[in-house]
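Written out below as structure tokens is the structure these notes cover.
Read-outs: derived from the displayed coordinates by stated rules, not from any lab. All of these numbers come straight from a predicted model, not from anything done at the bench. Every residue, glycine as well, gets a Cβ built from its backbone with ideal geometry; the counts of neighbours run over all protein chains shown.
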Amino acid sequence: MNIRLLGATGSIGLQTLDVVRKDPSAFHVVSMTCYKSIDVLCDLIEEFSPSFVSVGYQEDAEMLQTAYPSIEVGYGLDGLLKAATYDEGGLLVNALVGSVGLEPTLKAIEKKIDVALANKETLVIGGEIIKPMLEKYGVKLLPLDSEHSAIFQCLQGEDKKSISKLIITASGGSFRDKSRSELKEVTVEDALAHPNWSMGAKITIDSATMMNKGFELIEAHYLFDVAYEKIEPLLHRESIVHSMVEFVDSSVIAHLGLPDMRVPIAYALYYPTRKAFIGEKLDLAKVGSLHFSKVDMDRFPLLDLAMKVGKEKGLMPATMNAANEAAVDLFLRNKIAFLDIEALVVEALEYFPQDQDITLDKILNRDKIVKEYLYGKYN
């Protein structure tokens, strides 16, 4: 199978390549991208021999083209779009972070290329556009997030009309045991210390604010055609139960496994079959007990806000996402405090007007102007 991998040097990208590495006869990586981790990319080029690579900057592209004259090299948005649609058939694995992931997904769908999606923002800001395109071009959208993969697996062979509720679990992130008052003094280093998962910086901060769980609720709405009223977050400290589906007969099907993103990645790459995957097995006797509790929306206000914004649709999700991207970046660069992330997201939603008649151009423009507005306050 041809694999196009966007975000090859990130956490999800590298774990995708680990799955490919263990079964090289099944997959051929035809294209891959990275933003600026050029040394890592060079190692991947040597190992996987892609036909096309793309990077963030022209100077890096020129250097790579000189070093690897037998492959094509691109850069910027044009390079991303070419990587997403390079060659025929197979699968696009979109492991990009942020709104930049939307356009490559759309281009792949237009080329009738199935998409394995880890880029949350594609559906958060563009779900209303993506859904009809999937039907128009007959393309499969396979979830890579552990929570959505869990739901997807729980629903195999089930009638969606029998769904009573989707239950999406959340670890609570690095600050789950801290009160609101204790969050005033937390550092970037504190925020990046996730208790269960090894992830990139941006999503780790989103986990600490629980914005990532808000994004996942919006994704679930579009992935499974389930009303927001039937999607519920649930705190689960161990990250063993990845999600659950409650059915109308009161039965609940849950998906369990150790926190290892290679498992949902492998499920998407091999779908609709399952293949043996060498990884640590879940030993429930060793785990001993599992804990669940309701999410305190006062403690995690961005989760509650994301659910409300998701229901509003239009340009509000794009506004929220752009503000969050900028605010998290500012926090990671020590420009703002942790709790300022919430404040800036709320400020942007109040400042920028709603527009229900959305288009791709409107989404991209809103993303641009929101980021310019917030960065202008601190840079």
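Tabulated results
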quantity: Mean Cβ neighbour count within 10 Å, used as a protection proxy, ranking 118-130, 316-328, 221-233 highest first; calculated: 316-328, 118-130, 221-233
quantity: Overall form of region 148-313 per C-alpha gyration tensor (a/c, 1.5; a/b vs b/c); calculated: oblate
quantity: Overall form of region 2-143 per C-alpha gyration tensor (a/c, 1.5; a/b vs b/c); calculated: prolate
quantity: K313 versus K36: modelled label distance in nm, points set 7 Å from Cα along the beta carbon direction; calculated: 3.9 nm
quantity: Residue exposure sequence - I363, I163, I71 - by fewest surrounding Cβ within 10 Å; calculated: I71, I163, I363
quantity: Cα gyration tensor category, rounded, prolate or oblate, for region 206-254 with a/c compared to 1.5; calculated: oblate
quantity: Segment K112-E372, extension gain: residue separation times 0.36 nm, minus the distance between their alpha carbons; calculated: 90.2 nm
quantity: Long-range amide H partners of L234 with built H, under 5 Å; calculated: I168, T169, A170
quantity: Full-extension gain in nm, E59 to V188, via 0.36 nm per residue minus C-alpha separation; calculated: 43.4 nm
quantity: For region 306-321, 3J(HN,Hα) per residue [Karplus equation, 6.51 cos²θ - 1.76 cosθ + 1.60, θ = phi - 60°, Hz, x = Gly/Pro]; calculated: 4, 5, 5, 5, x, 5, 5, 6, x, 8, 5, x, 5, 5, 4, 5
quantity: Placed amide H near S174: partners under 5 Å, 5+ positions off or other chain; calculated: A208
quantity: CD proxy at 222 nm, helix term only [per DSSP H run n ≥ 4: -39500 (n - 2.57); per residue of the chain; nearest 500]; calculated: -14500 deg cm²/dmol
quantity: Amide proton proximity set for S54, modelled H, under 5 Å, gap of 5+; calculated: M32, T33, C34, G74
quantity: Least to most buried among S54, S99, S146, S181 (fewest other Cβ within 10 Å first); calculated: S181, S146, S99, S54
quantity: Stretch gain in nm, segment E72-S162, where the contour uses 0.36 nm per residue and the Cα spacing is subtracted; calculated: 27.5 nm
quantity: Share, in percent, of DSSP beta bridges within the chain that are antiparallel, nearest 5; calculated: 30 percent
quantity: Ranked packing of 292-304, 340-352, most packed first, by mean Cβ within 10 Å; calculated: 340-352, 292-304
